[in-house]
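Step one of this worksheet: look at the structure below.
The values are calculated or read from the model by the stated rules, or taken from the named source; none is laboratory data. Computed from a predicted structure; not experimentally measured. Counting neighbours? That spans all protein chains shown, and the Cβs are built from the backbone with ideal geometry, glycine included.
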Amino acid sequence: MEIAGLTIGIAGLASIFNNIVDSFEYIRLARSFGRTFETNLLRLDVARLRLSRWGEAVGLSGNVTDQDTRQYTSILSDDVILVANDILGRILQLFAECEKVSSQFRMGKKPDDQSLQNYDERQDLGTASTSLHGKMRELSIKRQNRTALAKKVRWTIYSEKQFEELVNEITRLTDELMNLVPGEVELQKRLCHSEVVQISESFGTLATVAKGQDEMFWSVFVQGLKSVYALSGESQIPFEFQTTIPNLKQLQTKSTPKTEERVESSTCDDMNKLESWIQDILIQTYPTIKDRVCNALFKVC
């Protein structure tokens, strides 16, 4: 009886997860967003990708079967399922509330009212953003499962304030989901590695979007980039950071708590400065070294 109950619980959780990932597909942004349109659309993509990453890590993507249920029993206990279901339910409720506000905004307005016009990502995105949007969308969709999807209609967000609240709340609730099953963090990092490799050609566009919203994705990338510059002794590294390289090598080759404790505080400060410098030149230099970054990710992360 316990296994049957758990099967129903996981199946229900998989269903709500599936519908949330699918819900992003129907959101449009109004033309009133202006120049922030591309960045904000990519922020939605990041929120979707991050949530889908969590779902795959805990076994909610693909074909959720009885066998999968037994495999993930130790991860998704009855109590965890109940809490996760509540959190996912709140995300669905966010979409419903935003869609309701959208309907209220349209009431009494003529169809050709300029305030009702929305962007079409198929026509209005720049080349780099189109590629990035498509890759993140593809990654998220692949992580959906085969449970039934509710019928949905497209709707538009007209208020940037409402958009900010939506993205921030989804980010916060996804944080709660990740904290709910902390044992799967390493698996999520491995999924991040794969994402960085697949999105590598468009990462310059994604850099400013992921920073602050998807810290796991950002840290995985910076770690790989740092290894390329620091461990290989790249000549492009400014002179003031040259003394940092031996200590970085020591940390990377002897990754133990005791080793890290022996690193002087001044060296840690240098490492922070190096990381800050890396972030500053990220967009300009990344295209020329992306292959080495991708290779490094699987060696040092």
task = Can you tell me which residue among Arg50, Arg31 is of a type in the set (Lys, Arg), out of contact with any Leu (no Cβ under 6 Å at 6 or more places or on another chain), modelled with pLDDT of 90 or more and under 23 Å from Leu173 (Cβ atoms)?
result = Arg50
note = Among Glu97, Glu138, the single one that is charged (D, E, K, R) and under 15 Å from Leu44 (Cα atoms) is Glu138
task = Return the pairs, sorted by first residue and then second, in which the second residue is part of a loop (DSSP other than H, G, I, E, B) and surrounded by 10 or more Cβ atoms within 10 Å (Cβ to Cβ), the first residue lies in region 102-113 and is without any contact (Cβ under 8 Å) to a residue 24 or more places away in the chain and among the aromatic types (Phe, Trp, Tyr), the beta carbons are less than 9 Å apart, and the residues are 6+ apart or on different chains.
result = none
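Name the residue that is nearest to Asn145 (Cα to Cα), counting only residues in region 17-67 that are more than 18 Å from the chain's Cα centre (by Cα) and crowded, with 19+ Cβ neighbours inside 10 Å.
Only one residue fits best here, namely Val64.
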inquiry  = Being over 21 Å from Arg53 (Cβ atoms) and assigned by TED's automatic domain parsing to the domain that holds Ser23 is the requirement here; does Asn145 meet it?
reply    = no
query = Restricting attention to region 134-159, and to residues there that are in contact with a strand residue (DSSP E or B) (Cβ under 9 Å, 6 or more places away or on another chain) and of a type outside the set (Lys, Arg), which single residue is surrounded by the fewest Cβ atoms within 10 Å (Cβ to Cβ)?
reply = Ser159
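Checking the conditions here, which among Ser74, Ser129 is at pLDDT below 90 and in a loop (DSSP other than H, G, I, E, B)? Before the answer, list the steps.
Numbers: Ser129 fails: in a loop (DSSP other than H, G, I, E, B).
The match here is Ser74.
Filter region 94-123 down to residues that are part of a helix (DSSP H, G or I) and among the polar types (S, T, N, Q) and give me whichever is farthest from the chain's Cα centre (by Cα).
Checked region 94-123; the qualifying residue farthest from the chain's Cα centre (by Cα) is Gln114.
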